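Only one structure is covered here, and it is reproduced in the block below.
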Amino acid sequence: MNRLDFTPYRRSTVGFDHLFDLLEKQARNSGGDNYPPFNIERRDTDQYRITLAVAGFRSQDLDITAQQNLLVVQGRKREEQPEGDMLHLGIANRGFERRFELADHVRVEHADLADGLLVIDLVREIPEAMKPKKIAIGGQTKLEVVKDGDGGQADAA
């Protein structure tokens with residue numbers, strides 16, 4: 001079992017516990033089920049796309065739930081049986097749950113199902129209060145020369 005040890009980083013950082021916990025959790029779960037396969041794509045600076053291959057699922061079989069910092073995609077298995085005798089059943093039609101941890105201020109913008117691909121578009125919207133702001137320089141006090149008691153001069157800051 002591959003275990004990542006973030007102890008040296010935990011000792012020298014403050015407030016990153018959540019990040020280290022996510023990395024350790026992902027490392028533990030990485031050996032699990034890879035169904036359905038998916039892609040994660042960065043489309044622009046603040047735009048992302050998750051594409052899941054969900055062949056055989058209809059839109060009513062899929063459920064997408066967005067919570068704070070978590071996106072859950074679930075597929076429910078249909079109970080209907082195909083007509084005739086199946087000689088080979090290679091297209092998976094089993095239920096699944098796929099979880100994606102989202103960064104702060106990332107929200108689902110749109111989801112669409114076409115040609116067996118579930119496409120989920122995400123966008124990061126940084127609140128106005130957190131965006132960088134230019135600070136105008138103005139109203140700065142003048143520096144004055146102050147004389148000390150022995151007749152010398154010292155600059156006041």
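The values are calculated or read from the model by the stated rules, or taken from the named source; none is laboratory data. This is a predicted model, so every value here is computed, not measured. Positions of Cβ are generated from backbone atoms using ideal geometry, with glycine treated the same way; all protein chains shown enter the neighbour counts.
When region 79-95 is filtered for residues that are surrounded by fewer than 10 Cβ atoms within 10 Å (Cβ to Cβ) and among the charged types (D, E, K, R), the ones remaining, listed by number, are 79, 80, 83, 85. Is at least one residue of region 63-78 more than 29 Å from residue 4 (Cα to Cα), surrounded by 14 or more Cβ atoms within 10 Å (Cβ to Cβ) and among the small types (Gly, Ala, Ser)? Taking every residue of region 63-78 in turn, at least one turns out to be more than 29 Å from residue 4 (Cα to Cα), surrounded by 14 or more Cβ atoms within 10 Å (Cβ to Cβ) and among the small types (Gly, Ala, Ser). Taking residue 5, is it modelled with pLDDT of 80 or more and among the charged types (D, E, K, R)? Here the answer is no, as residue 5 does not meet what is asked.
Here is a yes/no grid of residues against (1) surrounded by 14 or more Cβ atoms within 10 Å (Cβ to Cβ); (2) under 27 Å from residue 16 (Cβ atoms); (3) touching a Lys or Arg at 6+ places or on another chain (Cβ under 8 Å):
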{"site": "97", "(1), (2), (3)": "no, no, no"}
{"site": "103", "(1), (2), (3)": "no, yes, yes"}
{"site": "111", "(1), (2), (3)": "yes, no, no"}
{"site": "115", "(1), (2), (3)": "no, no, no"}
{"site": "118", "(1), (2), (3)": "yes, no, no"}
{"site": "122", "(1), (2), (3)": "yes, yes, yes"}
{"site": "125", "(1), (2), (3)": "no, yes, yes"}
{"site": "133", "(1), (2), (3)": "no, yes, no"}
{"site": "137", "(1), (2), (3)": "no, no, no"}
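Restricting region 102-157 to residues that are of a type in the set (Val, Ile, Thr) and at pLDDT 80 or above, the residue that is nearest to the chain's Cα centre (by Cα) is 106. Looking only at residues in region 31-63 that are touching a Phe, Trp or Tyr at 6+ places or on another chain (Cβ under 8 Å) and of a type outside the set (D, E, K, R), the one that is modelled with the lowest pLDDT is 35.
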